[in-house]
Amino acid sequence: MIFESKIFKATLLLLGIGITIAILTGIYMFNMPHRNIKTTNTDYQLKTSEIVNEYLQNPTSANEKYLDEEGESKILEITGKITSISIDFNNQIVILLKDNDSKAGVTCTFSDESKIIAQKLKQYQIVVVKGVIRSGASYDEDLEMYENVILEKCSLINIIQS
Amino acid sequence: MKNKILSFVLLLAVSFSVFAQNENKLITKKSHFKFYSHTSIEDIEANNYKSVGTINTQSGEIVFSVPMQSFEFEKAKMQQHYNSPKFLDTKKFPKAKLKGKITNFGDMNFKKDGEYNVQIEGELSIHGQSKQINENAIISVKGNSIKLNSTLNLTLADFGIAFKDGKPSTNIAKVIKTTVVAEY
């Protein structure tokens, strides 16, 4: 009898632990934080012209290379010249990196935590910016214009030339 | 010499036509697309600030290109589900497109301040599937600033997005309220 109840107790305990782990995993998965782009390793280091040309030449293979099925797309460090600075509806700073002779560029939206640094940026500076790619450059025949590569959650890595 | 003059005239004509085309086209300076799903279990919201759009002030044609991976959710897991092949499949279909025309364009005057109620008829492509739409929007003109506001109710099944069972079928609304704000 004693033996039986010991087994019973142990089983109950194990079951309890199992259920607790399952619940905790569930809660963790549900509340899993977003990927921290700034602290995650960079996948590719490129110049503005390199990423833009790669997309204009072969959008299918570029999407295959850079975009992720679950939206956890590649993290890029882009070197380029700031041609314009603006603020979006979310009150975030957006810079456009674009070469003078290029059809399209790379827009980078800075993350909230990089805002103070981003505020110091000026037009024509050459900078290195890290962020997650959301979509590539392409010519849109309905808009009748080129669309830029989109990078979000950006942070400033370096100012190469002021 | 003749050739040179000819090519110069040609160049002038080409650059003029490019210029003329751009002059009639307003391009968004900023935009905001918001998805809102309401069920008795939970409310889900996602925001996108990266869409690009144009309005042709001569023809009334209106276009939006929406980068689908730019929709940001509060919960990371939801965002992964939304992007995945089971739902929006954003790797395969990275952009959604709205292409329409203002049908009561005669009432619209981009040079006169005011709020204009417009009807937009056209096509919306999401997830590789297109649907005819007929929506209302308000275009506000104030000096050089032009703003567009609209709310679209999008039925997921129209775009081949259906959840038969499990959590998504109970937690995600069948009709997603989509609000659009754009500044040109």
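Taken together, the values in this text are just the output of simple stated rules run on the coordinates, not laboratory data. Treat the numbers as computed from the prediction; the structure is a model and nothing was measured. With ideal geometry, Cβ positions are generated from the backbone for all residues, glycine too; neighbour counts draw on all protein chains shown.
Once you place label points 7 Å from the Cα toward the Cβ at A:GLN161 and A:THR39, how far apart are they in nm?
The answer from the label model is 3.5 nm.
Can you compute 3J(HN,Hα) from phi for each residue in segment B:140-154, using the Karplus curve 6.51 cos²θ - 1.76 cosθ + 1.60 with θ = phi - 60°, rounded to whole Hz and x for Gly and Pro?
9, 10, 9, x, 8, 8, 10, 10, 10, 10, 7, 10, 10, 9, 9
Kindly provide the helix-only [θ] at 222 nm of chain B, computed as the sum of -39,500 (n - 2.57) over DSSP H runs of four or more divided by all residues, to the nearest 500 deg cm²/dmol?
That comes out to -6000 deg cm²/dmol.
Give me the net charge of B:SER169's neighbourhood, meaning all other residues with Cβ under 15 Å from the Cβ of B:SER169; Lys, Arg count +1, Asp, Glu -1.
+2
Order of A:ARG35, A:ARG134 from fewest to most other C-beta atoms within 10 Å?
Going from sparsest to densest Cβ surroundings: A:ARG35, A:ARG134.
For segment A:100-114, take each phi angle, set θ = phi - 60°, evaluate the Karplus expression 6.51 cos²θ - 1.76 cosθ + 1.60, and give the result in whole Hz per residue in order, putting x for glycine and proline.
After applying 6.51 cos²θ - 1.76 cosθ + 1.60, I find 4, 9, 8, 6, 9, x, 10, 8, 10, 9, 6, 6, 4, 6, 9 Hz.
Please report, in whole Å, how far the alpha carbons of chain A spread along each principal axis, starting with the longest.
Reported extents, whole Å, longest axis first: 87, 36, 28.
Rounded to the nearest 20 debye, what is the charge dipole size of chain A about its Cα centre when +1 sits on each Lys and Arg Cβ and -1 on each Asp and Glu Cβ?
The calculated dipole for chain A is roughly 900 debye.
Pick out, from A:CYS154, B:GLY128, A:GLN57, the residue whose Cα sits farthest towards the positive end of the charge dipole of the protein assembly as shown, with +1 on the Cβ of Lys and Arg and -1 on the Cβ of Asp and Glu.
Working it through, the farthest residue towards the positive pole turns out to be A:CYS154.
Applying the Karplus parametrisation 6.51 cos²θ - 1.76 cosθ + 1.60 with θ = phi - 60° to the phi angles of segment A:58-68, what ³J(HN,Hα) value in whole Hz is obtained for each residue in order, glycine and proline being reported as x?
Per residue, the Karplus-derived 3J(HN,Hα) values read 8, x, 5, 6, 5, 4, 4, 6, 9, 8, 10 Hz.
Can you grab the distance from the C-alpha centre of segment A:104-144 to the C-alpha centre of segment B:110-133, Å, no decimals?
Between the Cα centres of segment A:104-144 and segment B:110-133 lies a distance of 28 Å.
Give me A:ILE116, A:ILE75 ranked fewest to most by other Cβ atoms within 10 Å of their Cβ, as a rough exposure proxy.
Going from least to most buried by this count: A:ILE116, A:ILE75.
Let me check I've understood the local charge: for B:VAL141, count other residues with C-beta under 15 angstrom from its C-beta, Lys and Arg +1, Asp and Glu -1. What total comes out?
+1
Rounding to the nearest 10 and keeping the result within 0 to 90°, find how far the Cα-based axis of helix A:2-31 lies from the longest principal axis of chain A.
It works out to around 10 degrees.
Could you work out Rg/(2.2 N^0.38 Å) for the protein assembly as shown, with Rg from alpha carbons only?
1.20
What net charge is computed for the residues neighbouring B:ASP113, neighbours being all others with C-beta under 13 Å from the C-beta of B:ASP113, Lys and Arg scored +1, Asp and Glu -1?
Local net charge: +3.
For q values of 0.16, 0.18 Å⁻¹, compute log₁₀ I(q)/I(0) with the Debye formula on a Cα-only model of chain B, without solvent.
The Debye formula, applied to the Cα set alone, gives -0.99, -1.17.
In degrees, nearest 10, range 0 to 90: what is the angle between the Cα axis of helix B:2-23 and the longest Cα principal axis of chain B?
Between the helix axis and the principal axis of chain B, the angle is about 40 degrees.
Placing unit charges on C-beta atoms (Lys and Arg positive, Asp and Glu negative, everything else neutral), compute the dipole magnitude of the protein assembly as shown about its Cα centre in debye, rounded to 20.
500 debye
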